[in-house]
Amino acid sequence: MTPSGDDFILGIIALQSLAGRDLTGLHEIIRDYENPFSRTILEDACEGCFSEPLLALMTHLAYGIACRMRSRPFSVLEAHLVGTPSPVCFMPFIMRYSDVKTGSTDIFCKTLLLTMFI
Amino acid sequence: MIAIQEIPQVNTIRCGNRAIASGKGIPLYRSKRTVNLQFGRKVVTVCTGPGVLSPSSIMVDLPALPDVEEALFEGNIICTDAFQVKLGSTVDLHFERTGKFDASQAFRLLRPWIKPFDHSIVKATLINLYDLDISSHGPEKDIVVKQERVLRESGSLTELVNDLLVSGTG
């Protein structure tokens, strides 16, 4: 992840776009972001536009179908590319904002914890 | 001042649908394959193909990009002191959402890609969600603590993003 967390924010915007949520508040915040390169990427995202690999992933997550773009759906997760979010960015927000904290998600997180961090 | 008629024109391979700006530009970052040009608040990336196309990028038919010191975006032409590019047909990179998003399915699809990276945000999230005592050391510990606090105290997504941008965690 980048020092300014812009990939993290991009992940949030992508997820919120997938969930069809209002991005008005985010747009206002990102307008004041000082890094012009990151701000451009985030403003593009707030307007619903994403880089090809991320768009392919989002389309796949939304519909389970291959995207018309050249990128394979999961290529964005296989390498860190400029302007694309870390896959880990999606996880906290899928768990937190999409009410999937129970069942296999819960077990998975605890397993993750046991195998990775303790 | 750029003398347009003397500058070689470069063919465009593909353009993102938001690679539009106007006025004078300055290079922010440059490599052999990419140059980021800032026009006011907007940054347009000129890159050599093949590669990743983003909404504000233009992919040009060059093996390597020459040095750029100044640029001008006028109409649909970017003119630099080293080359000029006329925008071609754009690729629509707009996400079209028509159905209902299934978060559970998305999680299942993404699950194989969760690897044991030592990401502070994962630790912070797991502490936040499960209140577990997860070890972290050195500078990372401070970041994890800060991120967990941001996650815990944010009352809304907007507030959360604002806090993360201000604190610069990552």
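Give the range A:21-38 a look and list any residue that's assigned to a helix (DSSP H, G or I) and at the interface with another protein chain (Cβ under 7 Å from one of its Cβ atoms), or say none.
A:G25, A:L26, A:I29, A:P36, A:F37
In the range A:54-71, which residue that is outside any helix (DSSP H, G or I) and not hydrophobic (A, V, I, L, M, F, W, C) is modelled with the highest pLDDT?
A:G64
Would you pick out the residues in the range B:48-83 that are surrounded by fewer than 20 Cβ atoms within 10 Å (Cβ to Cβ) and of a type in the set (S, T, N, Q)?
B:T48, B:N76
Which of the residues belonging to the range A:10-53 are polar (S, T, N, Q) and either modelled with pLDDT under 80 or more than 20 Å from B:F39 (Cβ to Cβ) (or both)?
Matches in the range A:10-53: A:Q16, A:S17, A:T24.
In this structure, does B:S89 turn out to be at pLDDT below 95, facing chain A (nearest Cβ under 8 Å) and either out of contact with any Phe, Trp or Tyr (no Cβ under 7 Å at 6 or more places or on another chain) or over 21 Å from A:L54 (Cα atoms) (or both)?
Considered against the rule, which asks whether it is at pLDDT below 95, facing chain A (nearest Cβ under 8 Å) and either out of contact with any Phe, Trp or Tyr (no Cβ under 7 Å at 6 or more places or on another chain) or over 21 Å from A:L54 (Cα atoms) (or both), B:S89 comes out as no.
Residue by residue through the range B:11-25, note down the ones that are facing another protein chain (nearest Cβ under 10 Å) and assigned to a strand (DSSP E or B).
B:R14, B:G16
Does A:D7 satisfy the condition of being at pLDDT below 75, outside any loop (DSSP other than H, G, I, E, B) and closer than 21 Å to B:Y29 by Cβ?
yes
The values are calculated or read from the model by the stated rules, or taken from the named source; none is laboratory data. Please read these numbers as outputs of a predicted model, since none were measured by experiment. Positions of Cβ are backbone-derived with ideal geometry, glycine not excepted, and every protein chain shown enters the neighbour counts.
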